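The values are calculated or read from the model by the stated rules, or taken from the named source; none is laboratory data. Everything quoted here is computed from the prediction, not taken from an experiment. Every residue, glycine as well, gets a Cβ built from its backbone with ideal geometry; the counts of neighbours run over all protein chains shown.
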Ligand code: GLY
């Protein structure tokens, strides 16, 4: 009885909060973006103090900074965020910190142990090169693309994500779509044409095998590396094999939007729009548009949110809006705007000096693994800053 009452009160509070959220007067977007970059500049000076030499920041949990070795898949996001901050503020000390962070991860360019080279080396060196035209940065990206290409498996027509282990033979995860950005870019900027061919082939295989009829995606497809046959469609970080893990849907949306940018192939645009409609029309997408960690998470509406999925989807929708028109474009822009306002609100946004120096709270990394639950995550900040910059560049 008491539990039922508590549940009822929680539901009423959630409805009231959503209603007051929808009613809240929004400040102009240009003001919000300016304030956010001023805040981030100061907040990231706090974060910088929490990173030991040779490490990259991951999170802040139980009152303590969490840092990782450079081979961790997220090692490029910190320098990437610093470059975004530099792009907007031109602050010299942030540029120095960004250069220092690049040096730390530079050895990754020859790493071939997993598929994450695109996340690690393009979010970091890609942004650095875009802003500085420094040839040494371009050389690192080209070397990284060559390393990632070693993981292409012709038999499965994909880049292998993780190495064979006791769970998987030859797994490819939906996240891998993100690594294709570096491959496309490398071919278009003086590298071998084979990198783009790999990207296109991988995107086509993923399109064929990872998606369900409603355009939600499986997380992991495990292949037979000899025959290319699908052994299993499964999850690693989602609620169930058949569920729609929220960040995975975000990777898919961002990935096919990006593939359209590089190829102008309408198939990718259609796929991206279909994924967007799956996400935006999902009955479990909350009023503030920040997804639960899985669209099918047990316990919705009490399940944990994933601010990183919100930031990532916002950024992707803003790019997709560039390739659409009319009411579709208006919808993508409007939902991305709501996501940004939500993330900038006290519900998700840290106070200066708190949250270990990260900008956003309430992300979920890997719920079923009991890892990174309801914490700040370095990539939530990265895609949030990217979304702010994209909004300013394309919509102001
Ligand atoms: N690429 C791993 C993740 O999204 O958690």
Within region 359-384, take every residue that is in contact with a helix residue (DSSP H, G or I) (Cβ under 6 Å, 6 or more places away or on another chain) and in a helix (DSSP H, G or I) and give me the one that is nearest to the ligand (Cβ to nearest atom). 379
Restricted to region 168-195 and to residues being within 22 Å of residue 211 (Cα to Cα) and away from the ligand (no atom under 15 Å from the Cβ), the residue surrounded by the most Cβ atoms within 10 Å (Cβ to Cβ) is 170
From the list 55, 71, 49, which one is over 15 Å from the mean Cα position of the chain (by Cα), within 17 Å of residue 109 (Cα to Cα) and more than 16 Å from the ligand (Cβ to nearest atom)? 55
Would a scan of region 279-291 turn up a residue that is away from the ligand (no atom under 15 Å from the Cβ) and in contact with a strand residue (DSSP E or B) (Cβ under 6 Å, 6 or more places away or on another chain)? yes
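Give 147, 158, 124 a once-over and let me know the one that is touching a residue at least 40 places away in the same chain (Cβ under 8 Å) and more than 23 Å from residue 391 (Cβ to Cβ). First the steps, then the outcome.
Working: 147 fails: touching a residue at least 40 places away in the same chain (Cβ under 8 Å); 124 fails: more than 23 Å from residue 391 (Cβ to Cβ).
Residue meeting the stated conditions: 158.
Go through 356, 310, 321, 299 for me and flag whichever is surrounded by 18 or more Cβ atoms within 10 Å (Cβ to Cβ), at positive phi and not in a strand (DSSP E or B).
Working: 310 fails: at positive phi; 321 fails: at positive phi; 299 fails: surrounded by 18 or more Cβ atoms within 10 Å (Cβ to Cβ).
It is 356.
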Note on residue 130: of the conditions (1) crowded, with 16+ Cβ neighbours inside 10 Å; (2) in a helix (DSSP H, G or I), unmet is (1)
Any chance you could count how many residues in region 71-105 are free of Cβ contacts under 8 Å to residues at least 40 places away in the same chain and over 16 Å from residue 48 (Cβ atoms)? 2
Which condition from (1) away from the ligand (no atom under 16 Å from the Cβ); (2) under 23 Å from residue 325 (Cβ atoms); (3) touching a helix residue (DSSP H, G or I) at 6+ places or on another chain (Cβ under 6 Å) is the one that residue 270 breaks? (3)
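Among the candidates 114, 127, which residue alone is under 30 Å from residue 171 (Cβ atoms) and modelled with pLDDT under 95? Talk me through it step by step, then tell me what you get.
Numbers: 127 fails: modelled with pLDDT under 95.
Going through 114, 127 in turn, the sole match is 114.
How many residues are within 21 Å of residue 350 (Cα to Cα), in contact (Cβ under 8 Å) with a residue 40 or more places away in the chain and surrounded by fewer than 17 Cβ atoms within 10 Å (Cβ to Cβ) when one looks only at region 49-63?
The number of residues fulfilling the criteria is 3.
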